[in-house]
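Read through the structure below, which is laid out as structure tokens, and then see the notes.
The values are calculated or read from the model by the stated rules, or taken from the named source; none is laboratory data. All of these numbers come straight from a predicted model, not from anything done at the bench. Reconstructed Cβ throughout: ideal geometry from the backbone, glycine too, with neighbour counts over all protein chains shown.
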Ligand code: HXC
């Protein structure tokens, strides 16, 4: 889909890059020539991913063990990354989430999620942003959100609130930092099954995925990892740099499936549609018979 040197010369940090969507994006960036830094809380997982990606792509990758909820630790990590060369891009991918009734959440439970998604994303973005602004460097920030930023999401309220906050950050910084060469965008992915999310968000401990999981998705399927990797690469590349301040869904159209009243008419067959037409026509005939002009 892309030139193999699309991201050559760029250095990109992917938070939560050791697993899941973060690993997918890191892989795609490296395939397209970028140098990548990944961070997360588990050093062994990061190192294993780094070895795998270096082997698979021949690219350069560094790993950084950090809990992004701790601002001082974030500052130290960003200083360490900058010491070997400045970043050109940041992907705010690290997140935390679990299903819970909101009335069952303790303050610490809320903080555990908001600390990663809202506060941690801000700490990393501001640590990078300050450096880019001081150096007059162009850069791109991409945040991974969800479509819940538009709809809200029951039983995952701390995540929905925090991701909505990051959407507001994206739009705000697009305007504040745009004139100084830093653009900010976000992807709101729909279902891209990963172990970290699906083990925490699958309803009632259900194990296997079923086709019914996607019955209300217009594309009738989950997203494929490579699709998200390609979209992230597209937004990190310079060739469409006029995109700034956008939160773009990549969910097969799922969040729109309640648009209007008729999304569920998918299940109607030819005979049903014939009957519907006859129903309308018979009403038209009735109306016409009562017309005086
Ligand atoms: C209620 C819970 C809970 C649960 C934890 N807590 N799990 N409360 N229901 N299922 C409470 C704990 O009791 C504790 O509060 C507080 O939260 C902190 O818990 P810890 O386990 O000490 O937290 P920590 O080790 O920091 O772990 C953070 C975490 C964890 C967020 C809770 O799940 C995590 O590390 N997740 C990272 C990976 C992840 O979540 N990936 C999925 C992202 S999916 P008390 O008061 O008891 O001390 C995503 C959006 C996907 O972001 C969108 C898909 C469409």
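If you go through segment 1-26, how many residues are out of contact with any strand residue (DSSP E or B) (no Cβ under 9 Å at 6 or more places or on another chain), assigned to a loop (DSSP other than H, G, I, E, B) and within 16 Å of the ligand (Cβ to nearest atom)?
If we filter segment 1-26 for residues that are out of contact with any strand residue (DSSP E or B) (no Cβ under 9 Å at 6 or more places or on another chain), which is where we start, we get 1-6, 8, 20, 24.
Still in the running and assigned to a loop (DSSP other than H, G, I, E, B): 1-6, 8.
Keeping just the survivors that are within 16 Å of the ligand (Cβ to nearest atom) gives none.
Qualifying residue count for the region: 0.
List the pairs whose first member sits in segment 10-34 and is closer than 14 Å to residue 193 by Cα, whose second member is modelled with pLDDT under 95 and not in a loop (DSSP other than H, G, I, E, B), and whose Cβ atoms are under 9 Å apart, counting only residues at least 6 apart or on separate chains?
19/195; 19/196; 20/195; 20/196; 20/197; 21/196; 21/197
Considering segment 88-109 alone, what residues qualify as being under 17 Å from residue 154 (Cα atoms) and either within 8 Å of the ligand (Cβ to nearest atom) or surrounded by 19 or more Cβ atoms within 10 Å (Cβ to Cβ) (or both)?
Keep residues of segment 88-109 that are under 17 Å from residue 154 (Cα atoms), which gives 96-106, 109.
Answer for segment 88-109, where residues must be under 17 Å from residue 154 (Cα atoms) and either within 8 Å of the ligand (Cβ to nearest atom) or surrounded by 19 or more Cβ atoms within 10 Å (Cβ to Cβ) (or both): 96, 97, 98, 99, 100, 104, 105, 106, 109.
If only one of 85, 59 is in contact (Cβ under 8 Å) with a residue 24 or more places away in the chain, exposed (fewer than 14 other Cβ atoms within 10 Å of the Cβ) and more than 25 Å from residue 160 (Cα to Cα), which one is it? Quick ask: steps written out before the conclusion?
Working: 59 fails: exposed (fewer than 14 other Cβ atoms within 10 Å of the Cβ).
It is 85.
Which of the residues spanning segment 56-73 are in a loop (DSSP other than H, G, I, E, B) and either within 16 Å of the ligand (Cβ to nearest atom) or at pLDDT below 95 (or both)? Explain how you work it out, then say what you get.
Within segment 56-73, the first condition is being in a loop (DSSP other than H, G, I, E, B), and the residues that meet it are 58-60, 66-70.
66, 67, 68, 69, 70 - these are the residues of segment 56-73 that are in a loop (DSSP other than H, G, I, E, B) and either within 16 Å of the ligand (Cβ to nearest atom) or at pLDDT below 95 (or both).
Please go through segment 95-125 and give me each residue that is farther than 20 Å from residue 18 by Cα and either in contact with a strand residue (DSSP E or B) (Cβ under 6 Å, 6 or more places away or on another chain) or part of a loop (DSSP other than H, G, I, E, B) (or both), ordered by number.
99, 100, 101, 105, 106
Do you know which residues across segment 220-268 are within 16 Å of the ligand (Cβ to nearest atom) and in a helix (DSSP H, G or I)?
Result: 225, 227, 228, 231, 232, 254, 255, 256.
Given (1) within 16 Å of the ligand (Cβ to nearest atom); (2) touching a helix residue (DSSP H, G or I) at 6+ places or on another chain (Cβ under 9 Å); (3) under 26 Å from residue 18 (Cα atoms); (4) assigned to a helix (DSSP H, G or I), identify the lone condition not met by residue 128.
Condition (1) is where residue 128 drops out.
Out of the residues in segment 240-262 that are out of contact with any strand residue (DSSP E or B) (no Cβ under 9 Å at 6 or more places or on another chain) and touching a residue at least 40 places away in the same chain (Cβ under 8 Å), state the one that is farthest from residue 91 (Cα to Cα). Steps first, please.
First, pick out the residues of segment 240-262 that are out of contact with any strand residue (DSSP E or B) (no Cβ under 9 Å at 6 or more places or on another chain): 240, 252-254, 257-262.
In the following step, the residues that additionally are touching a residue at least 40 places away in the same chain (Cβ under 8 Å) were identified as 252, 254, 257.
On the way: 252: 22, 254: 24, 257: 28 Å.
For segment 240-262, the residue satisfying everything is 257.
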